[in-house]
Structure formats: structure tokens, C-alpha cells
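The values are calculated or read from the model by the stated rules, or taken from the named source; none is laboratory data. Predicted, not measured: the structure shown is a model, and the values here were computed from it. Reconstructed Cβ throughout: ideal geometry from the backbone, glycine too, with neighbour counts over all protein chains shown. With ligands, DNA and RNA removed, areas are computed over all heavy atoms of the protein, side chains included. Shrake-Rupley method; radii C 1.70, N 1.55, O 1.52, S 1.80 Å.
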Amino acid sequence: MARVLVIDDDQDIAKATAMMLEAGGHKAEIELNEKKAVERVGQVKPDVVVLDVMFPGNDTAGFELARDIHSKYEKLPIVMVTSVNEHGKLGFSGADVDPSWLPVSEFIEKPVKKERLLELVRKFTAK
């Protein structure tokens, strides 16, 4: 069982993501406020963070949070959730991962598919 922190301002999406994780046998916690997210990572001590890209008033808050989280918890896997189709011209893929600019472990698209989310959690928590 992995401990996962879901950071997303949309309460419905965060709850749905947490429910998928819990149905897969994991413990999920939610943080809705991006300003409290880094502190919450320290409190929860998750095995994986599931992080949204856009927050109210800041469409790139997720990128900034990923850098902040990575600077304090370098080995913590971050799965970034995006509504931008990675197969489109403006989407994200593994090629966009960069240790300093975009230090995430993987991208996953909204709507999040349960099987893919659980696969990524298993991938990043396998020992």
C-alpha cells in the first residue's frame, strides 16, 4: 500500500482521484490549496504526489509546485495531471521532463483513468 498525496484545487476531481487510489488499496490524502501543498508534503510524507497543473489565478502553479517539492524532496515521484492532450501539438510527454525546469516523473491526462493511475503508483513504489 502506497501513501499518495493528491494536490488539486478541484475538490470533485481530487476526491475522485483519491477514491480510485483507495479502491486500488492505497491511502490517499488531498490538498486543495497550492499555497499549503509543499508544507502538506512534509506532513503526509507520501510515497507519490499526484499534482494538477493549473490552479485558480495561476495556470502554471503546478510547474512551480513541482520545482518546490523537488527541491525539498528530490526522490519523491511526482505524477503531473494535465488536461492538455499529450498527443496534440501543445501537450506534454516524457520528453518534457527536466530535472530543473519540470522535475516530474510522469504525465497523466484528465480524465484520469484508474488503471493508468494505479499502474504509475505501482511503478514508482515498487521496491
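For the stretch 113-127, a residue qualifies if it is open to solvent by 30 Å² or more (accessible area, probe 1.4 Å) and in contact with a strand residue (DSSP E or B) (Cβ under 7 Å, 6 or more places away or on another chain), and the qualifying residues are Arg116, Phe124, Thr125.
The one condition from (1) surrounded by fewer than 16 Cβ atoms within 10 Å (Cβ to Cβ); (2) small (Gly, Ala, Ser); (3) more than 22 Å from Lys123 (Cα to Cα) that Ala37 does not meet is (1). Summed over the stretch 40-59, residues that are in a helix (DSSP H, G or I) and free of Cβ contacts under 8 Å to residues at least 24 places away in the same chain total 1. Within the stretch 105-121, restricting attention to residues that are part of a helix (DSSP H, G or I) and acidic (Asp, Glu), the residue that is nearest to His70 (Cα to Cα) is Glu119. Within the stretch 48-73, the only residue that satisfies the criterion of being among the acidic types (Asp, Glu) and closer than 15 Å to Thr17 by Cβ is Asp52. Sub-7 Å Cβ pairs linking a first residue in the stretch 60-81 that is closer than 23 Å to Leu118 by Cβ to a second residue that is of a type outside the set (D, E, K, R) and open to solvent by 70 Å² or more (accessible area, probe 1.4 Å), at least 6 apart or interchain, are Gly62/Met54, ordered by first then second residue. Of all residues in the stretch 3-24, those that are more than 20 Å from Thr82 (Cβ to Cβ) and open to solvent by less than 40 Å² (accessible area, probe 1.4 Å) total 1.
Number of residues in the stretch 43-57 that are at pLDDT 95 or above and open to solvent by 20 Å² or more (accessible area, probe 1.4 Å): the value is 3.
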